[in-house]
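Here's the structure, in structure tokens; my notes come after.
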Amino acid sequence: MPETLFSVYQATFTFAVAAIALLASPGPATLALAANGAAYGMRRSVRFFAGITVGLIIAMALVSSGLFVFLHSFPLLGVGLAGVSILYILYLAFAIATAPPINDEQAAISPGLGAGFVLGVANIKAYAAFAALLGSFTLGVTPTWEIFTKASICLLVCVVFDFFWLLAGSTLRKLFIHPTWSRVLNISFAALMIVTVAWSFMQ
């Protein structure tokens with residue numbers, strides 16, 4: 001019994017490390033959060049953060065229920081989802097790159113709950129990560145407890161590390177008070193978003 005319990009803990013720890021590696025690494029959503037924090041600040045980015053979280057929960061539910069595998073069997077649907085994801089990320093990158101400097105921030109309309117939701121639910125990288133995590137690891141517990149544990153860990157990783165990305169962007173914002181440097185920071189994050197999404201879809 002102790003050995004079995006130890007193996008469960010070990011498998012769970014390994015899964016958590018893998019979840020951090022796949023879900024907390026730079027990607028369209030994480031960089032969008034950092035960019036949003038840099039362009040609009042922490043307070044005005046909370047709704048965007050909440051929207052991404054809800055979208056990721058929907059994506060994880062689709063993967064865990066097996067519906068994603070079914071939908072993935074229709075190639076055109078996958079291409080359509082990828083197209084929506086790319087276009088929306090390009091739109092967000094443009095909005096962030098052209099956001100007013102900090103001194104004129106009240107003139108800008110920051111992306112909100114809906115924008116975050118679309119990015120979260122159309123995030124191809126997230127679907128691939130959830131599919132790998134939920135389908136490639138065995139914790140050695142009952143099926144119901146296993147899916148609950150995996151989903152809880154994935155959600156915790158997403159919430160905690162996405163918040164860190166948002167906080168990092170918001171912190172950088174405070175270091176670039178001058179309008180010129182504020183513009184440079186926004187454009188840099190927008191460029192990183194485009195590079196990241198291009199790299200993701202080339203894999």
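The values are calculated or read from the model by the stated rules, or taken from the named source; none is laboratory data. Worth saying up front: this structure is predicted, and the values here are computed from it rather than measured. Positions of Cβ are backbone-derived with ideal geometry, glycine not excepted, and every protein chain shown enters the neighbour counts.
Here are a few things to note about the model shown:
- Here Ala61 passes the criteria (1) at pLDDT 75 or above; (2) in contact with a Gly (Cβ under 8 Å, 6 or more places away or on another chain); (3) surrounded by fewer than 18 Cβ atoms within 10 Å (Cβ to Cβ) except the one numbered (2).
- Cross-chain or 6+ apart pairs with Cβ under 9 Å, segment 1-23 first and within 18 Å of Val141 (Cα to Cα), then at pLDDT below 90 and surrounded by fewer than 12 Cβ atoms within 10 Å (Cβ to Cβ): Ala11/Thr138
- The residue that is nearest to Arg47 (Cα to Cα), counting only those in segment 83-112 that are aliphatic (A, V, I, L, M) and either modelled with pLDDT under 70 or surrounded by fewer than 16 Cβ atoms within 10 Å (Cβ to Cβ) (or both), is Ile109.
- Of residues in segment 46-58 being of a type outside the set (Val, Ile, Thr) and within 21 Å of Arg173 (Cβ to Cβ), the one surrounded by the most Cβ atoms within 10 Å (Cβ to Cβ): Phe48
- Segment 28-45, subset buried (at least 24 other Cβ atoms within 10 Å of the Cβ), of a type outside the set (A, V, I, L, M, F, W, C) and farther than 16 Å from Val184 by Cα, residue modelled with the lowest pLDDT: Pro28
- Only one of the listed residues (Ala38, Ala34) is within 16 Å of Ala97 (Cα to Cα), in contact (Cβ under 8 Å) with a residue 24 or more places away in the chain, touching a Lys or Arg at 6+ places or on another chain (Cβ under 6 Å) and not aromatic (Phe, Trp, Tyr). That residue is Ala38.
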